[in-house]
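K.L.:
Take a look at the following structure, please.
Just so it is clear, none of the values below were taken in a lab; they were calculated from the coordinates. All figures in this text were calculated on a predicted structure; none of them were measured in a lab. Backbone-built Cβ (ideal geometry, glycine too); neighbour counts: all protein chains shown.
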Amino acid sequence: MALLQTVRLEHLPYSHEIHIALYRDITNASFLQQQLLDGNTNFEYALIDAGVVVSKIHALAAAYRAVSDLLENRLRSRNVHSEIVFSLSPNNNIAESFRRFGITTSTTSLLIIKVSTPSSPASASEVQAHLTSSIEGEQVPFEDSVLAEMTDVPRVKKIYKLNSGGGGGGAKRNGQVNGGIEGLSVNGVGMRNGDERKELENLVLGAMALRGVTN
Amino acid sequence: MEAQAIHPCAANSDERVLPSIFRHPSAAAPLLITQGAEALLYRSTYLLPSTPCALKYRPSKPYRHPILDARLTKHRILSEARVLVKCRREGVPVPAVYALDEAAGWLMIEWIEGEVVRIRLNEWLKRRKEEDIAEGVDDGELLELMTRVGSAVGRLHAIGVVHGDLTTSNLMLRPRSREVSNGDSETASKMLDGNVVLIDFGLASQSQADEDRAVDLYVLERAFGSTHPRAESLFVEVLREYGRSFKGANVVLKKLEDVRMRGRKRSMLG
């Protein structure tokens, strides 16, 4: 099974496929970050610190927003790849979004997204070959269960300002509204954790969707 | 936005171009579910074919001035999205917000499974009639549903949001998560089961005014009443639970008595 995933997002043209790779135990983060800072055109990727990614949907939502904005000619940052990183942000501060969500010298878990566009098409095999030769780390499947082990949940809650009763707290009170039946579910604790993660994802998506709206 | 707004829209709504979200491919094309005065509601998918969503589209109104039209649409999309996000954060059961494009006039939110209270209640009442069960006998389930509704509305008001159109069509009953869906889900005993989820925040606003809250309750009371007189008499259960749900709820219940006397619209006198 190929570890690199190629996805056609709903409501985007087939010409704008995205390729996604996930790595852990990265040892050359400084080098990779430097390529972005130098504007090395061989490194046109969204390089995201996987520690602040909640789930696949979270990452795909950022890609969807960035590609949509590209198609509507309303990118706020340099290109569609930097826009993916910016799309993760709950506010309009681009530099801050790179610091929070982008690769840093201390990044060990790295999520990489490459958008193929008609003007610069990229095939899965080309992308995989380049990543294999440039990323020093272990490639792992882009799956929720793998991402879940990397997520720094307190940090995510802090960035998206979800500490005042959000996240799991919200889910708990949700249960109360509806008679608190959730606790009786067959799968017990494991399922509740899954629900909590799903709720965190929903809150994060809402914060991202509201980014930049005024009036 | 301005350039688009000034462009004259076609008089015939069929000729107007749908936003790009409708034109790009998806596993299942957006399916029209219902149409209100202001918005069209579609079922579609978000990001992956496996994630259903509701797509609410506010087409431009050809009879409105284009600039005014664009501003109204933008304002309404954003205000609905903001209220939903606030509710979700505070643990009030509403659909999550996925994406929006206020210039194009659409809002994409979580798809809520299940059915609206109005339909479930009608079915329940019909079945009881067929089974010849007298009113007031064995209606613990209905009482329980009323309690859940009162609690949900109370939570909503407690965080400073009023719904603006609280009818039994805007209350969903979502099947409890991962329940065994086969078996006796068809029996009357399950018909009123499920988690209450508030939907359609198109007329919602952020308000702490007792008057606004009381009008929400009044509209809901009338909605239950129009379903069935018995349902109306059980509305006291909604109010009982509501009264317990937040500090200040009792003041709202007092206000409700005034609203009942005069109706939904506030008097222009004095």
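K.L.:
Using the Cα centre of chain B as the reference point, and only Cβ charges (+1 on K/R, -1 on D/E), how large is the resulting charge dipole? Debye, rounded to the nearest 20. Spell out each step's value before the answer.
P.N.:
Working: 39 positive and 37 negative charges, 183 e Å.
It comes to approximately 880 debye.
K.L.:
Which of A:SER109, A:SER77, A:SER89 moves most in a GNM of chain A, Cα contacts under 10 Å?
P.N.:
Per the Cα network of chain A with a 10 Å cutoff, A:SER77 tops the list.
K.L.:
Between B:GLN208 and B:GLU144, what length in nm is gained on full extension when 0.36 nm per residue of separation is reduced by their alpha carbon distance?
P.N.:
Working: separation 64, 0.36 × 64 = 23.04 nm, distance 2.71 nm.
Full extension from B:GLN208 to B:GLU144 adds 20.3 nm.
K.L.:
Moving on to the next point. I want to verify the translational diffusion coefficient of segment B:2-110 in µm²/s; compute it with Stokes-Einstein, Rh as the Kirkwood radius over Cα pairs, at 4 °C and 1.567 mPa s.
P.N.:
Details: Rh = 14.8 Å.
Taking Rh from Cα pairs, D becomes 88 µm²/s.
K.L.:
Within chain B, how many Lys pairs that are eight or more residues apart, or on different chains, come under 26 Å at the alpha-carbon?
P.N.:
12
K.L.:
With axes computed from alpha carbons, what is the tilt in degrees of helix A:29-38 against the longest principal axis of chain A, rounded to the nearest 10 within 0 to 90?
P.N.:
Compared with the principal axis, the helix lies near 60 degrees.
K.L.:
Continuing with the same structure: Using a Gaussian network model on chain B with a 10 Å cutoff between Cα atoms, which of B:ALA37, B:ALA249, B:ALA231 fluctuates the most?
P.N.:
B:ALA37
K.L.:
Just in segment A:1-96: which chymotrypsin sites (Phe, Trp or Tyr not before Pro) are loop by DSSP and have at most 11 other Cβ atoms within 10 Å? Could you put the intermediate results ahead of the total?
P.N.:
Numbers: sites: A:TYR14, A:TYR23, A:PHE31, A:PHE43, A:TYR45, A:TYR64, A:PHE86; in loops: A:TYR14, A:TYR45.
Filter output for segment A:1-96: A:TYR14.
K.L.:
Rg to Rh for the protein assembly as shown: what is it, with Cα atoms only and Rh by Kirkwood? Show your work: numbers first, answer last.
P.N.:
On the way: Rg = 24.6 Å, Rh = 24.5 Å.
The Rg/Rh ratio comes out at 1.01.
K.L.:
In percent, what relative contact order does segment B:2-110 have, based on Cα pairs under 8 Å that are 6 or more apart in sequence? Walk me through the numbers on the way to the answer.
P.N.:
Details: 154 pairs, mean separation 24.1, N = 109.
Normalised by residue count, the contact order of segment B:2-110 is 22 percent.
K.L.:
Could you give the dipole magnitude of the protein assembly as shown about its Cα centre, charging the beta-carbon of Lys and Arg +1 and that of Asp and Glu -1, in debye to the nearest 20? Show your work: numbers first, answer last.
P.N.:
Working: 59 positive and 59 negative charges, 301 e Å.
Dipole about the Cα centre, nearest 20: 1440 debye.
K.L.:
What is the spin-label model distance, in nm, from A:SER120 to A:ILE94 if the labels are put 7 Å beyond Cα along the C-beta direction?
P.N.:
With each label placed 7 Å out from Cα toward Cβ, I get 1.6 nm.
K.L.:
Which whole-number percentage describes the relative contact order of chain B, with Cα contacts under 8 Å and a sequence gap of 6 or more? Display every interim value, and only then the final one.
P.N.:
Details: 393 pairs, mean separation 44.3, N = 270.
Here the relative contact order equals 16 percent.
K.L.:
R0 = 22 Å: FRET efficiency of B:ASN122 with B:SER233, Cβ-based, nearest 0.05? Could the numbers behind the result be given before it?
P.N.:
Details: r = 17 Å, r/R0 = 0.76.
Approximately 0.85, to the nearest 0.05.
K.L.:
What is the calculated FRET efficiency for A:THR6 to B:ARG244, with r their C-beta to C-beta distance and R₀ = 60 Å, to the nearest 0.05? Mind dumping the intermediate values first?
P.N.:
Details: r = 53 Å, r/R0 = 0.89.
So, using R0 = 60 Å, E works out to roughly 0.65.
K.L.:
Taking neighbour counts of Cβ atoms within 10 Å as a proxy for exposure, in what order, fewest first, do A:SER123, A:SER68, A:SER145 appear? It would help to have the intermediate numbers written out before the result.
P.N.:
Working: A:SER123 12, A:SER68 22, A:SER145 7.
Arranged by neighbour count, lowest to highest, A:SER123, A:SER68, A:SER145 become A:SER145, A:SER123, A:SER68.
K.L.:
For segment B:115-262, how big is the tail of P(r) above 21 Å, as a whole percent of Cα pairs? Could you put the intermediate results ahead of the total?
P.N.:
On the way: 4616 of 10878 pairs.
Every Cα pair in segment B:115-262 considered, those over 21 Å come to 42 percent.
K.L.:
Counting other Cβ atoms within 10 Å, keep those with at most 12, restrict to DSSP loop, and tell me which trypsin sites (Lys or Arg not before Pro) in segment B:85-152 are left. Don't skip to the answer; put the middle values down first.
P.N.:
Values: sites: B:LYS86, B:ARG88, B:ARG89, B:ARG118, B:ARG120, B:LYS126, B:ARG127, B:ARG128, B:LYS129, B:ARG148; in loops: none.
Passing both the DSSP loop test and the Cβ count: no residue.
K.L.:
As a test of the definition: which semi-axes, in Å, follow for segment A:5-150 when you take the square root of five times each eigenvalue of its alpha carbon gyration tensor? Largest first, please.
P.N.:
Values: eigenvalues 83, 58, 51 Å².
The answer is 20, 17, 16 Å, longest axis first.
K.L.:
Here's a follow-up. Less than 13 Å from a label point 7 Å out along the Cα-to-Cβ axis of A:ASP25: which backbone N atoms in segment A:132-156 qualify, by residue?
P.N.:
Within reach of a label on A:ASP25: A:136-140.
K.L.:
Name the residue farthest towards the positive end of the dipole of segment A:5-150 from the options A:VAL146, A:THR108, A:GLY39, assuming +1 on Cβ of Lys and Arg, -1 on Cβ of Asp and Glu, about the Cα centre.
P.N.:
A:GLY39
K.L.:
Specify whether the C-alpha gyration tensor of chain B places it in the rounded, prolate or oblate class, a ≥ b ≥ c being the square roots of the eigenvalues: rounded for a/c under 1.5, otherwise prolate if a/b is larger than b/c and oblate if not.
P.N.:
On the way: a/c = 2.04, a/b = 1.37, b/c = 1.49.
The shape class here is oblate.
K.L.:
Hey, got a sec? Which trypsin sites (Lys or Arg not before Pro) in segment A:40-77 land in a DSSP loop and have at most 16 other Cβ atoms within 10 Å? Walk me through the numbers before you get to the answer.
P.N.:
Values: sites: A:LYS56, A:ARG65, A:ARG74, A:ARG76; in loops: A:ARG74, A:ARG76.
Counting only loop positions with at most 16 other Cβ atoms within 10 Å, the trypsin sites (Lys or Arg not before Pro) in segment A:40-77 are A:ARG74, A:ARG76.
K.L.:
A follow-up question, please. Placing +1 at every Lys and Arg Cβ and -1 at every Asp and Glu Cβ, with all other atoms neutral, what dipole size does segment B:36-121 have around its Cα centre, in debye to the nearest 20?
P.N.:
On the way: 14 positive and 9 negative charges, 52 e Å.
For segment B:36-121, the charge dipole is close to 260 debye.
K.L.:
I would also like to ask the following. B:ARG262 versus A:ASP152, label points 7 Å from Cα toward the beta carbon: distance in nm?
P.N.:
That separation, rounded to one decimal, is 5.7 nm.
K.L.:
What percent do you get for the relative contact order of chain A when only Cα pairs under 8 Å and 6+ apart count? Can you show the working numbers first?
P.N.:
Details: 295 pairs, mean separation 67.2, N = 215.
RCO, chain A: 31 percent.
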